[in-house]
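Read through the structure below, which is laid out as structure tokens, and then see the notes.
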Amino acid sequence: MTLEVDVVHELGAFRLDAHFTSDGRVTALFGHSGAGKTSLVNSLAGLIRPTRGRILVDGQVLFDDRTRVCVPPHRRRIGYVFQEGRLFPHLTVRQNLLYGWWFTPRHQRREGLDPVVDLLGLGRVLDRRPGTLSGGEKQRVALGRALLASPRLLLMDEPLASLDTARKEEILPYVERLRDETGIPIVYVSHAVAEVARIANTLVVLVNGRVAAAGPVGTVLSRLDVVSLIGHDEAGAVLDAKVVATDPASGLTTLRSAAGDLYVPRLDLPTATAVRVRIRARDVMIATQAPRDLSALNVIEGTVAEMGSAEGAAVELRLDCRGKPLVARLTRHSVERLGLQPGGRVYAVVKAVAIDGQGLGAREAVPADAEATPH
């Protein structure tokens, strides 16, 4: 699926001016409150008519002010999942799921009830009403209802924002399955770095209504100029890896990535399972010589590819580790003491326990290298 966006929309003092093209399975729109994420996703859905510009999905024009094309929302075949489930309280889960299916023309129906129920684990709640469901269950029902409308594009506007951490961890695996098993392209709106790092192929960063960065999620997250936009505490990198082995005695799983092997707390995943690992910059230490007798298990060799400007006492470094990026955040004092310079050989040290469950996600079968580009 190719998504082409080139729109300008003015609402009072706010101006949305977004231009990018994405070929990703999951395109994440990231930004803080007021960045324009919801305005952009509502433009895709047809709930907002932009002041000017064009929107195309797989070459089909949904909006073009020059040719006066504006396909109405009900004819765009776009599913929309909101922050709240917005389920019909007087209908059962089964009836809520089938609501979109009944209103979809027979020749356009791609999904059946049973496969969607199995995909989202809803078999035990089909006869219950929304008022008896947990927040995570409600969002899974909302996802199922959108899927059963057989959309060609699914919009998810901060679907986990209203959930606590436990419920987020409950529903994220279902979003991953949705990404991997349905083939339906997704535009996922979020202000949580952990979510987009885990599930997105491509990332579009919005700041004050404009696209500040766009591209493969791993590339964008490791850009030093993006660090201040996503937050220094959340800055980091994403590595694709595969499960090599799990040692029950030590409680550790070995992951193999192009940057090097990683040891993480035990994962109950079969050998050769592809995973995505997020390593935060604040969890990376740097040594200029190969460390010995160290409690930290993960040592990855690389070179300093780029050094950010010092902001206060801290400096971000982008490392090239066999062609894969890592980001480290050090004190300016440490950078000066170690004599770090671009091109210098270093060793990145990461504690196994720093890579927790929120930094790991089952990865899709296809490589996470689809591109989104600003234009």
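Only the coordinates and a few stated rules stand behind these numbers; no lab work does. All of these numbers come straight from a predicted model, not from anything done at the bench. Cβ coordinates were reconstructed from backbone atoms using ideal geometry, including for glycine residues, and neighbour counts include every protein chain displayed.
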**Study point:** Of every Cα-Cα pair in the chain, the percent that sits beyond 28 Å
**Key:** 49
Review point. When the chain is fully extended, how far beyond the present Cα-Cα distance does ARG332 get from HIS74, taking 0.36 nm per residue of separation?
Key: 87.4 nm
Practice item. Return the sequence-ordered ³J(HN,Hα) values of region 94-100 in whole Hz as given by the Karplus equation 6.51 cos²θ - 1.76 cosθ + 1.60 applied to θ = phi - 60°, using x for Gly and Pro. Key: 4, 5, 5, 4, 7, 4, x
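What ranking do HIS9, HIS90, HIS107 get, fewest neighbouring Cβ atoms within 10 angstrom at the top?
Listed from fewest to most nearby Cβ atoms, that is HIS107, HIS90, HIS9.
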Review point. Under a plain spin-label model, where a point goes 7 Å from the Cα along Cα-to-Cβ, how far apart in nm are ARG52 and ARG256?
Key: 5.5
Exercise for review: Would you pull out the residues with amide H under 5 Å of VAL275's amide H, same chain only if 5 or more places away, H placed 1.01 Å from N?
Suggested key: ALA241, LYS242, VAL243, ARG363
Exercise for review: Label region 178-294 by shape, choosing from rounded, prolate and oblate, from the square roots a ≥ b ≥ c of the eigenvalues of the Cα gyration tensor; if a/c is under 1.5 it is rounded, and otherwise prolate applies when a/b is larger than b/c, oblate when it is not.
Suggested key: oblate
Check your understanding: Is the shape of region 282-340 best called rounded, prolate or oblate, per the rule: a/c under 1.5 gives rounded, else a/b larger than b/c gives prolate, else oblate, with a ≥ b ≥ c the square roots of the Cα gyration tensor eigenvalues?
Key -> oblate
Check your understanding: If you keep only loop residues by DSSP, which chymotrypsin sites (Phe, Trp or Tyr not before Pro) in region 99-139 have at most 10 other Cβ atoms within 10 Å of their Cβ?
Key -> PHE103
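Let me have the relative contact order for the chain, percent, based on Cα pairs under 8 Å that are six or more residues apart.
18
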Check your understanding: Karplus couplings for region 326-332 from phi (6.51 cos²θ - 1.76 cosθ + 1.60, θ = phi - 60°), rounded to Hz, Gly and Pro as x?
Key -> 10, 10, 10, 10, 10, 6, 4
Check your understanding: What FRET efficiency comes out for the pair SER134/ARG66, r = Cβ-Cβ distance, R0 = 35 Å, nearest 0.05?
Key -> 0.15
Exercise for review: Can you tell me the FRET efficiency between LEU11 and VAL244 if r is taken as the Cβ-Cβ distance and R0 is 51 Å, rounded to the nearest 0.05?
Suggested key: 0.50
**Study point:** Likely footprinting exposure, SER150, SER250, fewest C-beta neighbours within 10 Å first
**Key:** SER250, SER150
Review point. Size of the dipole of region 3-221 about the Cα centre, Lys and Arg at +1 and Asp and Glu at -1 on the beta carbon, nothing else charged, in debye to 20?
Key: 640
Review point. When we measure straight from the Cα of LYS168, which lysines land under 28 angstrom away, once same-chain ones fewer than 8 places off are left out?
Key: LYS37, LYS138, LYS242, LYS351
Check your understanding: Hey, can you rank 10-22, 290-302, 236-248 by average C-beta count inside 10 Å, highest first?
Key -> 236-248, 10-22, 290-302
Check your understanding: Summing Lys, Arg as +1 and Asp, Glu as -1, what charge do residues with Cβ under 13 Å from the Cβ of LEU113 carry, LEU113 excluded?
Key -> +1
Point to revise | Mean separation of Cα contacts under 8 Å, 6 or more apart, over the residue count of region 3-221: relative contact order % | key: 31
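At 222 nm, what helix-only mean residue ellipticity would the chain give, in deg cm²/dmol to the nearest 500, using -39500 (n - 2.57) for each DSSP H run of four or more?
After summing the helix terms and dividing by the residues of the chain, the value is -6000 deg cm²/dmol.
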Review point. Once phi is turned into ³J(HN,Hα) by the Karplus curve 6.51 cos²θ - 1.76 cosθ + 1.60 with θ = phi - 60°, what whole-Hz value does each residue of region 77-85 show in order, with x for glycine and proline?
Key: 6, 10, x, 9, 10, 8, 4, 9, x
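Quick one: grab the alpha carbon gyration tensor of region 236-362, order the square roots of its eigenvalues as a ≥ b ≥ c, and give me rounded if a/c is under 1.5, else prolate or oblate depending on whether a/b is larger than b/c.
prolate
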Point to revise | Estimated distance in nm for a label pair at GLN108 and SER309, the labels positioned 7 Å out from Cα along Cα-to-Cβ | key: 5.0
Review point. Given H placed 1.01 Å from N in the peptide plane, which residues other than close sequence neighbours of GLU111 have an amide H under 5 Å from its amide H?
Key: SER150
Revision key, fill the gap. Sorted by chain and number, the residues with a modelled amide H under 5 Å from that of LEU155, at a separation of 5 or more or across chains, are GLY79, TYR80, VAL81, VAL187
Review point. What percent do you get for the relative contact order of region 103-159 when only Cα pairs under 8 Å and 6+ apart count?
Key: 53
